[in-house]
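Taking it in order: structure first as structure tokens, then the write-up.
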Amino acid sequence: MQTLAKHVISVHVNASNNRLQETAVEGELSLELLKKYIAHCRITCAPRLSASASKKLIHNYVRLRNPVIDANHKHSMTRSAIPITVRQLEAIIRISESLAKMELLPFAAERHVDEALRLFRVSTIEAVASGNLIGIEGFTSAEDQESFSRIERQLKKRFALGTHVSEYLIVQDFVRQNYPEMLVKKVHLFNY
């Protein structure tokens with residue numbers, strides 16, 4: 001990847017600025033040169049997805065939804081909301097286009113989509129698997145969503161808005177009632 005970056009910088013920066021010396025390409029880039037390159041990319045390039053990259057993204061978008069849906073089916077037979085949002089799909093598109101922009105390409109290729117999808121999987125799918133997104137619609141099983149709603153209703157019944165109660169005491173009380181601690185903490189964070 002570093003070799004590719006060196007080559008791209010050499011070809012494109014040298015074309016617009018013949019003053020670049022070969023030694024600058026061989027070693028680390030100076031901060032000034034990197035800033036100039038980024039500015040040049042912003043001004044001269046606005047890539048869009050190629051047709052093949054679009055097809056690949058559509059195919060993978062559908063595939064990305066399935067692991068979360070399958071995980072939800074283990075707990076419940078009802079299907080949850082779509083776990084990948086349009087906003088996330090748009091973010092994957094923007095990342096793909098940004099990767100192409102770094103290479104001053106007019107179109108984002110399949111390899112750019114692959115890298116954007118990899119970044120999405122690492123950041124989002126692992127967060128789902130670890131339980132960090134519990135309580136967020138589409139990333140929670142129907143059973144956990146129901147528990148989440150019950151905890152929320154009980155909290156609203158028991159404590160008036162503006163009441164100050166120790167989070168620790170609230171969590172311990174709900175845990176004694178056999179609610180998962182993580183769900184109680186998530187409800188508490190979202191509402192108070």
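Nothing in this text is a laboratory measurement; each read-out follows from the coordinates by a stated rule. A quick note: this is a predicted structure, and the numbers were derived from the prediction, not measured. Using ideal geometry, Cβ is built from the backbone for each residue, glycine included, and neighbour counts are taken over all protein chains shown.
What the table shows:
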item	result
Per-peptide average of other Cβ atoms within 10 Å, ordering 92-103, 39-50, 113-124 highest first	92-103, 113-124, 39-50
Projected label distance in nm at Cys45 and Arg121, using a 7 Å step from Cα toward the beta-carbon	2.5
Sequence-distant residues sharing a close amide H with Ala108 (under 5 Å, placed H)	Arg48, Leu49, Ser50
Cross-link table Lys156/Lys186; Lys55/Lys101; Lys35/Lys55; Lys35/Lys101, entries beyond 26 Å C-alpha to C-alpha	Lys35/Lys55
Within-11-Å neighbourhood charge of Ser54 [Cβ basis; K, R +1; D, E -1]	+2
Radius of gyration and maximum dimension Dmax of the range 142-191, Cα, Å	10.1, 31
